[in-house]
Amino acid sequence: MKCFVKKHKHMHQVSNPSILYFGTPVVLVGTTNSDNTFNLAPISSAFWLGYRCMIGIAAHSKTTENILRTRECVLNLPSVNQAEAVDKLALLTGSNPVPAGKVAKGYVHEPDKFSRAKLTPGESEIVKAPRVLECPVHLEAQFVGIHPFAAETGIENIRSVTMELKIVRVHLDDSILSDQNRDHVDPEKWKPLIMSFQQFYGLGSRVHSSKLASVPQKLYRTPDTERA
Ligand SMILES: Cc1cc2nc3c(=O)[nH]c(=O)nc-3n(C[C@H](O)[C@H](O)[C@H](O)COP(=O)(O)O)c2cc1C
């Protein structure tokens, strides 16, 4: 069957926004510095498939340096209740000196981001990197692979990388678990903090029934899930 492209009558404009951050969950990445102190960095470029997570992160960040050296981190997911603490971490870097690209944006060096944001580091079970006790979700993770962004335009243009992380232990606060099944997160209870175009949001209420929800969640289990 031949498909015809419709002449477009909507009011879409060709646009050239500086950023394309359409709304993703905030993650606080906990890592260990070379002197065994902790670093903590807010990011919002993250998604999960099975027990793997892909993060997008500045190549010249303390977090990237720490993950590449230690091969591990903890992905701590704040809820809307931690927005104020997350905002206290903005424009701070564990890197000293502050990388050139960050100086222009107003970043300053902060060696103790936990104290600065009044957050509490907690011990992990598998990795040495810190959990953030105030966050309802802690995902202990091991580094698996790295992929540079924009490398096809020349190595000197690499500013960000994606990193594949394997989740090796999951800690969930009681308050977000399903009453029927302690291995399920209840999406009515979980209120992720969302960053959309540099602003903090929460999710609204459920908007439609979901056919996908008829698939039993246990069908998504993988060998990674069983090992964690
Ligand atoms: C809410 C929020 C979301 C952010 N998202 C990202 C991101 O997805 N990737 C990234 O590289 N930086 C992101 N940043 C900026 C980092 O926090 C910044 O690069 C910081 O320097 C990282 O800390 P570090 O240098 O100590 O590792 C975000 C900052 C905030 C406040």
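The values are calculated or read from the model by the stated rules, or taken from the named source; none is laboratory data. Owing to the predicted nature of the structure, the values given are computational and were not obtained by experimental measurement. As a convention, Cβ positions derive from the backbone with ideal geometry for all residues, glycine included, and neighbour counts pool all protein chains shown. Just so you know, the surface numbers come from the protein's heavy atoms only, side chains and all, with ligands and any DNA or RNA stripped out. Shrake-Rupley method; radii C 1.70, N 1.55, O 1.52, S 1.80 Å.
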Per-residue HN-Hα couplings for the range 178-185 [Karplus 6.51, -1.76, 1.60; θ = phi - 60°; Hz; x = Gly/Pro]: 5, 5, 7, 9, 6, 9, 10, 8
Taking just the alpha-carbon atoms of the range 104-222, what radius of gyration and Dmax come out, in angstrom? 18.6, 53
Cα-derived Rg over Rh, computed across the chain with Rh taken as Kirkwood radius: 1.00
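When the accessible area of the range 111-228 is split by element with a 1.4 Å probe, what percent falls to carbon and sulfur? Numbers along the way, then the final one.
Values: 4190 of 7980 Å².
Answer for the range 111-228: carbon and sulfur cover 53 percent of the accessible area.
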If the chain between ALA59 and LYS2 were fully extended at 0.36 nm per residue, the gain over the current Cα-Cα distance would be 15.9 nm
Taking the Cβ-Cβ separation of LYS189 and ILE126 as r and a Förster radius of 22 Å, what is the calculated FRET efficiency to the nearest 0.05? 0.30
Whole angstrom only: what separates the Cα centroid of the range 6-21 from the Cα centroid of the range 101-127? 37 Å
For n ≥ 4 DSSP H runs only, could you compute -39500 (n - 2.57) per run for the chain, divide by its residues and tell me the 222 nm figure to the nearest 500? -3000 deg cm²/dmol
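If you place +1 on the Cβ of every Lys and Arg, -1 on the Cβ of every Asp and Glu, and leave all else neutral, what size is the dipole of the range 24-105 about its Cα centre, to the nearest 20 Debye? Mind dumping the intermediate values first?
On the way: 7 positive and 5 negative charges, 38 e Å.
Dipole size: approximately 180 debye.
Rounded to the nearest 0.05, what FRET efficiency do THR225 and ASN96 give with R0 = 41 Å and r taken as the Cβ-Cβ distance? Could you check? Please report the intermediate quantities before stating the final value.
Numbers: r = 39 Å, r/R0 = 0.95.
Efficiency computed from Cβ-Cβ geometry: 0.60.
Beyond 22 Å, how much of the Cα-Cα pair distribution for the range 1-109 remains, as a whole percent? Write down the numbers at each step before the final one.
Details: 2708 of 5886 pairs.
Considering the range 1-109, 46 percent of its Cα-Cα pairs are separated by more than 22 Å.
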Which length gain, in nm to one decimal place, applies between ASN157 and LYS105 when the Cα-Cα distance is subtracted from 0.36 nm times their residue separation? 16.9 nm
Enumerate by residue number the GluC sites (Glu not before Pro) in the range 131-208 meeting two conditions: DSSP loop (anything except H, G, I, E, B), and at most 10 other Cβ atoms within 10 Å of the site's Cβ. GLU188
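Just the accessible area per residue of the chain, please: how many Å² with a 1.4 Å probe? All intermediate terms of the calculation are to be shown ahead of the outcome.
Working: 14930 Å² over 228 residues.
With the other protein chains kept in place, the chain gives 65 Å² per residue.
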For ILE146 and LEU212, calculate 0.36 nm times their separation in residues minus their Cα-Cα distance, and state this gained length in nm to one decimal. 20.7 nm
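Dipole magnitude of the chain about its Cα centre, charges +1 at Lys/Arg Cβ and -1 at Asp/Glu Cβ only, in debye to the nearest 20? Present the calculation step by step, with values, prior to reporting the outcome.
Numbers: 27 positive and 22 negative charges, 202 e Å.
So the magnitude is around 980 debye.
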Nearest 5 percent is fine: what portion of the DSSP beta bridges confined to the range 24-227 is antiparallel? 95 percent
Mean-square fluctuation maximum in Gaussian network of the chain, Cα pairs under 10 Å, restricted to ALA85, ALA41, ALA104, hits ALA104
